[in-house]
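The values are calculated or read from the model by the stated rules, or taken from the named source; none is laboratory data. Because the structure is predicted, anything quoted here is derived from the model rather than measured. Using ideal geometry, Cβ is built from the backbone for each residue, glycine included, and neighbour counts are taken over all protein chains shown.
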Amino acid sequence: AQQARRVIDRLVGYTISPLLWKKIRKGLSAGRVQSVALRMICDREAEISAFVPEEYWTLNAQLL
């Protein structure tokens, strides 16, 4: 399993990284895990940016 992951990592990285260099900017890299993790971070960052705070509170009192 580890060898298969290593081969897939190399195939993905060796294929996508040069495309990034040509289309976007030198020095960028991509990988099987790296790309997914970056997507999750970007999605979460977009959710945080789109957040609109709203006032929410409750008041409980016990009067004797």
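Quick notes on this one:
- Evaluation of Ala37 against (1) aliphatic (A, V, I, L, M); (2) modelled with pLDDT of 85 or more; (3) over 14 Å from the mean Cα position of the chain (by Cα) (one fails), failing number: (3)
- Selection status of Lys22, in a helix (DSSP H, G or I) and of a type in the set (D, E, K, R): yes
- Within the stretch 18-41, being more than 27 Å from Gln2 (Cα to Cα) and surrounded by 10 or more Cβ atoms within 10 Å (Cβ to Cβ) holds for one residue alone: Trp21.
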